[in-house]
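Notes for the one structure printed next.
The values are calculated or read from the model by the stated rules, or taken from the named source; none is laboratory data. What you see is a predicted model; the values in this text were computed from it and never measured. Here Cβ is always computed from backbone atoms with ideal geometry, including for glycine, and neighbour counts include all displayed protein chains.
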Amino acid sequence: MKSLGIEKVPSNGLGDYSNGMIERRFSPYSDNGGSIVAIAGDDYVVIASETRLSGNGYSILSREQPKLFKLSEKTVLGSTGCWCDILTFTKVAEMRMKSYRHTHNKEMGTKAVAQMTATMLYHKRFFPYYVSNILGGLDEDGKGVLYSYDPVGHAEKNMYRAGGSACTLLQPLLDNQVGLKNMQGVERKPIPVETAMNIIHDVFVSAAEREIHTGDAIHFNIITKDGIKVETAALRRD
């Protein structure tokens, strides 16, 4: 059998004619998993990630790799997805923060960092960073605020948010425990920081039972007017 002057030879006994051609595919992206949960209060933000860094398939590259990056004394970025893109993005963000500090002799506020993050992501929209970002910090009035992003820079302001590989497991629990969605007769009142940490711990424990990229430990950053406090808690390691 001939077509367009090219002889087609079946590659197997089932009549599969491929001209001896083999398709090669390359993807510049790799999903290394990871999940972020954050809750903002009247005068604090608790943002946390688990510490498992996953490879292709079921491999685990590291059990002690948080996905939180301190940008200032009042702002922390949580980032999950392609680890090389995360490192590149956070290094560029830290460079811009340092340049601003040297130019203006002060640190960039959380609202300005949120806008900078959106601009950086949108600038790379034609070859985007394969990352899921949640930015937490205190605003100019000292109140907690969160911003979540898609890979091309769309931002949404929130008071609680989950992102990453276990987002579909984490966000419904936050909607129930923090947002009190579709609940009747409940009193809506501010959540103390200790309660916020307990909720985050519980939703991570739940996700670790069902999602293979979530596990090992939880890394907390508690942002208040006094600075950023770091704590850890254990998760399942199998």
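Quick notes
- Screening A207 on (1) part of a loop (DSSP other than H, G, I, E, B); (2) in contact (Cβ under 8 Å) with a residue 40 or more places away in the chain; (3) more than 30 Å from G109 (Cβ to Cβ); (4) of a type in the set (A, V, I, L, M, F, W, C) shows it passes everything except condition (1).
- Within segment 37-49, the set of residues being in a strand (DSSP E or B) and not small (G, A, S) comprises V37, I39, V45, V46, I47.
- Restricting segment 22-36 to residues that are part of a loop (DSSP other than H, G, I, E, B) and under 14 Å from the mean Cα position of the chain (by Cα), the residue that is surrounded by the most Cβ atoms within 10 Å (Cβ to Cβ): G34
- Residue match in segment 67-88 (condition: within 19 Å of P28 (Cα to Cα) and among the charged types (D, E, K, R)): yes
- Residues located in segment 148-162, provided they are of a type outside the set (A, V, I, L, M, F, W, C), closer than 14 Å to V46 by Cα and either modelled with pLDDT of 95 or more or surrounded by fewer than 17 Cβ atoms within 10 Å (Cβ to Cβ) (or both): Y160, R161
- Odd one out for T214, checked against (1) in a loop (DSSP other than H, G, I, E, B); (2) out of contact with any Ser or Thr (no Cβ under 6 Å at 6 or more places or on another chain): (2)
- Single unsatisfied condition, R188 versus (1) part of a loop (DSSP other than H, G, I, E, B); (2) basic (K, R); (3) crowded, with 18+ Cβ neighbours inside 10 Å: (3)
- Set S165, S99: member being at pLDDT 95 or above, of a type in the set (S, T, Y) and out of contact with any helix residue (DSSP H, G or I) (no Cβ under 8 Å at 6 or more places or on another chain): S99
- Only residues that are within 17 Å of L173 (Cβ to Cβ), in contact with a strand residue (DSSP E or B) (Cβ under 6 Å, 6 or more places away or on another chain), at pLDDT 95 or above and of a type outside the set (A, V, I, L, M) were counted in segment 202-219, giving 1.
- Residue count, segment 132-181 (criterion: over 21 Å from I86 (Cβ atoms), assigned to a strand (DSSP E or B) and of a type outside the set (A, V, I, L, M)): 3
- Hits in segment 160-200 (condition: in contact (Cβ under 8 Å) with a residue 40 or more places away in the chain and within 23 Å of V131 (Cα to Cα)): Y160, R161, A162, G163, G164, S165, A166, C167, L169, L170, L174, I200
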